[in-house]
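The values are calculated or read from the model by the stated rules, or taken from the named source; none is laboratory data. These numbers come from a predicted model, not from an experiment. Note that each Cβ is placed from the backbone with ideal geometry, even for glycine, and that neighbours are counted across all protein chains shown.
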Amino acid sequence: MLFPVFPRSFPMQRTFILLKPDTVQRRLMGQIVARFEAKGLNFIAMKMLRITPELAKQHYAEHVEKAWYPTLEGFITGGPVLAAVVEGLDAIRVVREMLGATSGLQAAPGTIRGDYSSSQQMNLVHGSDGPEAVDREIALYFDEDQICRYEPVITPWMRAADEG
């Protein structure tokens, strides 16, 4: 037998990521996407776009009234971004741990922000912080028919069948 047969498929979780304008401008998209893929996360939706001020207000609704929001809006609308949905085991937590602390100066080496960022705001990637945010943020950027769920043939090689 060339391929192990496992009795169950693994429970997958979706999360939303946004590669911010600083990632695009610094030409780090490929390196960052590769890190998520190497971890075993599947990209099931992806598109490049420019965030409008209206979309920024929806995405960052909890921050609109804060004094620093205009700077955030100027940054996030200042260049193209790459929006994506990734799927994998415990994806929300895994992505957030891979990103590291919000401030690149405080993020641990080995995290995306720790390796590539030195800013609080220009911290390269947004990752949803919980299931409610995932649902809301995916709906802002993607229609359900734009999500292409699939199971790579490598999946059984990413985790033992008897792991819970």
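Identify the single condition in (1) without any contact (Cβ under 8 Å) to a residue 60 or more places away in the chain; (2) more than 12 Å from the chain's Cα centre (by Cα) that Met122 does not satisfy, given that it satisfies every other one. Met122 satisfies every listed condition except (1). Out of all the residues in segment 43-50, is one or more more than 29 Å from Met158 (Cα to Cα), in contact with a strand residue (DSSP E or B) (Cβ under 6 Å, 6 or more places away or on another chain) and either without any contact (Cβ under 8 Å) to a residue 12 or more places away in the chain or surrounded by 12 or more Cβ atoms within 10 Å (Cβ to Cβ) (or both)? Yes, there is a match, as at least one residue in segment 43-50 is more than 29 Å from Met158 (Cα to Cα), in contact with a strand residue (DSSP E or B) (Cβ under 6 Å, 6 or more places away or on another chain) and either without any contact (Cβ under 8 Å) to a residue 12 or more places away in the chain or surrounded by 12 or more Cβ atoms within 10 Å (Cβ to Cβ) (or both).
Here is a yes/no grid of residues against (1) modelled with pLDDT of 95 or more; (2) in contact with a Phe, Trp or Tyr (Cβ under 8 Å, 6 or more places away or on another chain):
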| residue | (1), (2) |
| --- | --- |
| Arg50 | yes, no |
| Leu89 | no, yes |
| Gly100 | yes, no |
| Arg113 | yes, no |
| Leu124 | yes, yes |
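Given Gly127, Gly100, Gly104, which one is at positive phi, in contact with a helix residue (DSSP H, G or I) (Cβ under 9 Å, 6 or more places away or on another chain) and among the small types (Gly, Ala, Ser)? Residue meeting the stated conditions: Gly100. If I go through segment 35-70 residue by residue, how many of them are outside any loop (DSSP other than H, G, I, E, B) and of a type outside the set (S, T, N, Q)? Residues flagged as outside any loop (DSSP other than H, G, I, E, B) and of a type outside the set (S, T, N, Q) within segment 35-70 amount to 23.
Beta carbons closer than 7 Å, at least 6 apart along the sequence or on distinct chains, pair a first residue in segment 58-77 that is under 19 Å from Met48 (Cα atoms) with a second that is charged (D, E, K, R) and assigned to a helix (DSSP H, G or I) for His59/Glu137.
Among residues belonging to segment 108-119 that are free of Cβ contacts under 8 Å to residues at least 12 places away in the same chain and within 17 Å of the chain's Cα centre (by Cα), point out the one that is nearest to Ala56 (Cα to Cα).
So in segment 108-119, the residues free of Cβ contacts under 8 Å to residues at least 12 places away in the same chain come out as 108-110, 115.
So of that shortlist, the ones also within 17 Å of the chain's Cα centre (by Cα) come out as 110, 115.
Details: Gly110: 29, Asp115: 26 Å.
So, considering only residues that are free of Cβ contacts under 8 Å to residues at least 12 places away in the same chain and within 17 Å of the chain's Cα centre (by Cα), the one nearest to Ala56 (Cα to Cα) is Asp115.
The rows are residues; the columns are (1) within 25 Å of Asp22 (Cα to Cα); (2) part of a loop (DSSP other than H, G, I, E, B); (3) among the β-branched types (Val, Ile, Thr); (4) out of contact with any strand residue (DSSP E or B) (no Cβ under 6 Å at 6 or more places or on another chain).
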{"residue": "Val94", "(1), (2), (3), (4)": "yes, no, yes, yes"}
{"residue": "Thr102", "(1), (2), (3), (4)": "yes, yes, yes, yes"}
{"residue": "Val153", "(1), (2), (3), (4)": "no, yes, yes, yes"}
{"residue": "Ala160", "(1), (2), (3), (4)": "no, yes, no, yes"}
{"residue": "Glu163", "(1), (2), (3), (4)": "no, yes, no, yes"}
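As a summary of the residue check, Ser118 satisfies the conditions (1) part of a strand (DSSP E or B); (2) modelled with pLDDT under 95 except for the one numbered (1). Taking segment 46-56 as the range and being over 11 Å from the mean Cα position of the chain (by Cα) and hydrophobic (A, V, I, L, M, F, W, C) as the test, the residues that pass are Met48, Leu49, Ile51, Leu55, Ala56. Checking the condition in contact (Cβ under 8 Å) with a residue 12 or more places away in the chain and surrounded by fewer than 14 Cβ atoms within 10 Å (Cβ to Cβ), which residue from Val95, Val153 passes? Exactly one of Val95, Val153 is in contact (Cβ under 8 Å) with a residue 12 or more places away in the chain and surrounded by fewer than 14 Cβ atoms within 10 Å (Cβ to Cβ), namely Val153.
So in segment 138-150, with the set limited to residues that are free of Cβ contacts under 8 Å to residues at least 60 places away in the same chain and either part of a helix (DSSP H, G or I) or polar (S, T, N, Q) (or both), which one is surrounded by the fewest Cβ atoms within 10 Å (Cβ to Cβ)? Ranking the qualifying residues of segment 138-150, first place goes to Asp145.
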